[in-house]
Amino acid sequence: MFAVLSDIHSNIEALSVVLADIEKHGIKTIYCLGDVVGYGPNPKECLDLIIEKADWCVLGNHDYAVFYEPTNFNYGAEQASFWTRDVLETEQEGNHNDRRWSFLGNLPMRRSLAIEIGANTSNIDFVHASPRRPVNEYIFPDDVYTNPAKFRLLFERVKHICFVGHTHMPGVFLDEPDFYLPDELGGVYPIIDDEKAIINIGSVGQPRDRDNRASYVYVDKNKVHFVRLEYDFETTAKKILAIEQLDNFHAERLRDGR
Ligand SMILES: [Fe+2]
């Protein structure tokens with residue numbers, strides 16, 4: 001069994017609830033798809049928890065923005081990444097900040113595993129955004145209708161299963177192309193030998209599918225379970241509103257899940 005989580009966005013309230021649920025399931029292996037920081041008020045705390053609890057993490061565009069530079073960010077997202085950088089640079093706590101910077105500066109763009117699923121071995125890739133542009137490309141549910149050709153090119157890069165985050169909208173893309181919301185699958189996607197899938201695991205700390213609950217998945221045998229958890233978003237929102245450099249919209253969107 002392993003859990004996959006993504007897009008925490010410095011939201012310690014959501015991350016704590018997700019980690020507690022993972023522990024409750026007895027899951028010891030945790031993979032993270034990036035965007036640990038950005039938007040939210042607790043970058044240090046979230047980095048420390050992910051460094052401690054996750055087996056590994058891949059690079060998200062917001063992690064890249066804080067360590068290197070923001071690329072194609074709107075004003076609010078850019079300001080949040082500069083504020084995050086200030087927090088990680090200016091607060092002196094011995095080796096903790098060195099450890100956080102070293103973590104951000106060493107995130108790989110992808111991870112691949114061969115995992116025993118039932119009687120077979122499955123090739124599973126893990127990226128933040130997309131199999132062909134692992135850090136920045138958005139794969140939206142609407143692309144299935146507006147840009148179906150995109151999926152032929154995307155699935156050429158998928159051996160069997162590819163886990164992604166980035167859009168903060170959970171669900172499963174198949175190569176027809178097609179998109180299924182977790183609810184349409186009864187909350188579970190079974191990995192099948194001859195079916196390729198790009199699986200979006202949603203966002204821990206800033207869901208955008210009009211459901212304000214934290215999202216993650218865990219994989220048990222061949223089944224991918226989509227999980228949603230309520231958390232205290234009011235506390236997170238209040239902290240964001242109290243920090244001048246963080247756009248108020250980052251607080252409001254937590255309530256609406258958008
Ligand atoms: Fe994100």
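The values are calculated or read from the model by the stated rules, or taken from the named source; none is laboratory data. All values derive from a computational prediction rather than experimental measurement. No Cβ is skipped: glycine too gets one built from the backbone with ideal geometry, and neighbour counts run over all protein chains shown. Areas reflect the complete protein model, heavy atoms only, side chains present, ligands, DNA and RNA absent. Shrake-Rupley method; radii C 1.70, N 1.55, O 1.52, S 1.80 Å.
Brief remarks follow.
- Selected residue [more than 23 Å from Leu5 (Cα to Cα) and either at pLDDT 95 or above or touching a Cys at 6+ places or on another chain (Cβ under 6 Å) (or both)] from Tyr75, Tyr64: Tyr75
- Selection count, region 162-179, where residues are surrounded by 15 or more Cβ atoms within 10 Å (Cβ to Cβ) and either more than 16 Å from the ligand (Cβ to nearest atom) or at pLDDT below 95 (or both): 7
- The set of residues from region 5-39 being under 20 Å from Asp220 (Cα atoms) and aromatic (Phe, Trp, Tyr) comprises just one member, Tyr31.
- Top-ranked residue in region 135-161 [being in contact with a strand residue (DSSP E or B) (Cβ under 6 Å, 6 or more places away or on another chain) and more than 30 Å from Phe67 (Cα to Cα); ranked as most open to solvent (accessible area, probe 1.4 Å)]: Lys159
- Count of residues meeting criterion [within 16 Å of the ligand (Cβ to nearest atom) and open to solvent by 40 Å² or more (accessible area, probe 1.4 Å)] in region 201-211: 2
- Selection status of Gly38, modelled with pLDDT of 95 or more, within 22 Å of Phe163 (Cβ to Cβ) and away from the ligand (no atom under 16 Å from the Cβ): no
- Candidates Glu69, Glu52 - the one that is open to solvent by 10 Å² or more (accessible area, probe 1.4 Å), farther than 25 Å from Cys162 by Cβ and out of contact with any helix residue (DSSP H, G or I) (no Cβ under 9 Å at 6 or more places or on another chain): Glu52
- On inspection, Thr84 passes the criterion of being among the polar types (S, T, N, Q), in contact (Cβ under 8 Å) with a residue 12 or more places away in the chain, assigned to a helix (DSSP H, G or I) and within 16 Å of the ligand (Cβ to nearest atom).
- Considered as a group, the residues in region 116-130 that are open to solvent by 10 Å² or more (accessible area, probe 1.4 Å) and without any contact (Cβ under 8 Å) to a residue 40 or more places away in the chain include one that is nearest to the ligand (Cβ to nearest atom), and that residue is Asn123.
- Taken over region 94-108, the criterion of being touching a residue at least 24 places away in the same chain (Cβ under 8 Å), in a loop (DSSP other than H, G, I, E, B) and away from the ligand (no atom under 16 Å from the Cβ) is satisfied by Pro108 alone.
- Verdict on Asp63 being within 17 Å of His168 (Cα to Cα) and either of a type in the set (Asp, Glu) or away from the ligand (no atom under 16 Å from the Cβ) (or both): yes
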